[in-house]
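*Asks:* My questions all concern the structure below.
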Amino acid sequence: MADLFAEKAEDWDQRDLVRDLSAAVSASILEQVALNETMHVMDFGAGTGLITSHIHPHVGKITAVDVSEAMLEKLVAKEALKGKVSALCVDIIETPIDARFDLIVSAMALHHVAETEKAVRRFAEHLKPGARIALADLDSEDGSFHAEGTEGVFHSGFDRADLQALFERCGFQDVRFVTAHTVEKETGSYPVFLVTASRR
Ligand SMILES: C[S@@+](CC[C@H](N)C(=O)[O-])C[C@H]1O[C@@H](n2cnc3c(N)ncnc32)[C@H](O)[C@@H]1O
């Protein structure tokens with residue numbers, strides 16, 4: 001499978017939009033979820049580890065999951081993450097792993113997964129009962145967030161009510177949304193939600 005983030009990985013961490021977004025999403029996760037040092041966290045679509053970098057001081061360990069070798073190479077090279085963070089280059093939607101987590105965090109990865117329901121069911125399967133998810137992505141937009149023809153973009157954001165119903169159908173409760181950030185681009189303003197929920 002082609003690595004769709006191979007080129008982007010080179011300057012990902014230098015992009016102001018990306019840095020501002022991951023800082024805001026991480027702050028929102030810290031506000032919405034009580035973290036502690038016993039937790040084993042999965043960062044789904046971890047990329048270069050920007051979200052992981054913000055939250056790793058507050059948890060026990062993080063498994064950073066991504067399908068892009070290039071993005072994970074950048075994560076693995078970060079000295080500050082060594083010891084607490086392990087990287088896993090696997091599509092857990094297609095190939096689940098034999099591990100259950102206390103929390104799944106994710107930023108801007110769900111719109112890159114074709115089958116949203118399958119993804120949310122996989123998240124539930126990878127969580128212990130009562131464990132949480134905190135996932136950020138775009139609210140429904142007109143398709144202008146990504147440049148035309150960008151490969152691997154399957155959704156122009158998500159409708160909050162539809163996503164809430166989907167989470168509830170797939171084994172989650174206490175589904176709540178906050179607006180974590182708004183991305184300003186020449187093409188428009190794009191709100192980013194953080195949805196939190198507990199595995200039943
Ligand atoms: C927009 S980037 C966000 C990266 C990071 N979360 C951040 O906020 O900087 C989306 C990431 O999701 C990853 N991704 C796409 N589909 C995936 C899948 N099925 N499983 C795991 N990661 C996936 C991509 O490789 C990419 O690194």
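The values are calculated or read from the model by the stated rules, or taken from the named source; none is laboratory data. Because the structure is a prediction, the values reported are computed rather than measured. With ideal geometry, Cβ positions are generated from the backbone for all residues, glycine too; neighbour counts draw on all protein chains shown. Just so you know, the surface numbers come from the protein's heavy atoms only, side chains and all, with ligands and any DNA or RNA stripped out. Shrake-Rupley method; radii C 1.70, N 1.55, O 1.52, S 1.80 Å.
*Asks:* For a quick protection proxy, order the peptides 27-35, 68-76 by their average other-Cβ count within 10 Å, most packed first.
*Replies:* 68-76, 27-35
*Asks:* What helices does the chain have that are whole DSSP H segments, at least 20 Å long along their own axis by Cα, and with mean Kyte-Doolittle hydropathy of -0.5 or more? Before the final figure, lay out each step's value.
*Replies:* Working: long enough: 16-32 (24 Å, 0.52).
Helix filter hits for the chain: 16-32.
*Asks:* Between rounded, prolate and oblate, where does the range 96-200 land on the alpha carbon gyration tensor, with a ≥ b ≥ c its root eigenvalues, rounded for a/c under 1.5, else prolate if a/b exceeds b/c? If you can, show how the numbers build up before the last one.
*Replies:* On the way: a/c = 2.25, a/b = 1.73, b/c = 1.30.
It is prolate, given that a/c is not under 1.5 and a/b is the larger ratio.
*Asks:* Let me ask something else about it. Rounded, prolate or oblate: pick one for the range 76-115, where a ≥ b ≥ c are the square roots of the eigenvalues of its C-alpha gyration tensor, a/c under 1.5 means rounded, and failing that, prolate if a/b is larger than b/c, else oblate.
*Replies:* It is prolate, given that a/c is not under 1.5 and a/b is the larger ratio.
*Asks:* Follow-up question, since we're still on this one. Scale the Cα Rg of the range 159-200 by the rule-of-thumb value 2.2 N^0.38 Å and send over the ratio, two decimals.
*Replies:* In units of the globular-protein estimate, the range 159-200 measures up at 1.39.
*Asks:* Additional query: Please give the length that would be gained between Ser156 and Glu125 if that part of the chain were fully extended, namely 0.36 nm times their separation in residues minus their C-alpha to C-alpha distance (nm, one decimal).
*Replies:* Contour length minus Cα-Cα distance gives 8.6 nm.
*Asks:* Let me ask you something else. Anything over 25 Å Cα to Cα? Flag those among Lys84/Lys128; Lys78/Lys128; Lys8/Lys82, in the order listed. Display every interim value, and only then the final one.
*Replies:* On the way: Lys84/Lys128 20 Å; Lys78/Lys128 29 Å; Lys8/Lys82 23 Å.
Correct reply: Lys78/Lys128.
*Asks:* Under a point spin-label approximation (7 Å from Cα along Cα-to-Cβ), what is the Thr182-His40 distance to one decimal in nm?
*Replies:* Here the answer is 4.1 nm between the modelled labels.
*Asks:* Also, I was wondering about something else. In whole Å, how far is the Cα centre of the range 33-90 from that of the range 92-144?
*Replies:* When both Cα centres are located, 15 Å separates them.
*Asks:* Here is a follow-up. Determine the sum of side-chain charges near Ile29: Lys and Arg each +1, Asp and Glu each -1, restricted to other residues whose C-beta is under 12 angstrom from that of Ile29.
*Replies:* Its environment carries a net charge of -1.
*Asks:* How much length, in nm to one decimal, is gained on full extension between Glu73 and Ala6, taken as 0.36 nm per residue of separation minus their Cα-Cα distance?
*Replies:* Working: separation 67, 0.36 × 67 = 24.12 nm, distance 1.01 nm.
Extra length from Glu73 to Ala6 when fully extended: 23.1 nm.
*Asks:* Here's a follow-up. In the chain, carbon and sulfur make up what percent of the accessible area (probe 1.4 Å)?
*Replies:* 49 percent
*Asks:* Please work out how much length the chain gains when fully extended from Leu17 to Ser140, using 0.36 nm per residue of separation minus the C-alpha to C-alpha distance, in nm with one decimal.
*Replies:* Extending this stretch completely gives an extra 42.4 nm.
*Asks:* Over all directions, the average projected area of the alpha-carbon convex hull for the chain comes to how many nm²?
*Replies:* Mean projected area of the Cα convex hull: 10.3 nm².
*Asks:* Now, a different point. All other residues with a Cβ under 13 Å from the Cβ of Lys128 taken together, and with Lys, Arg as +1 and Asp, Glu as -1, what is their net charge?
*Replies:* +2
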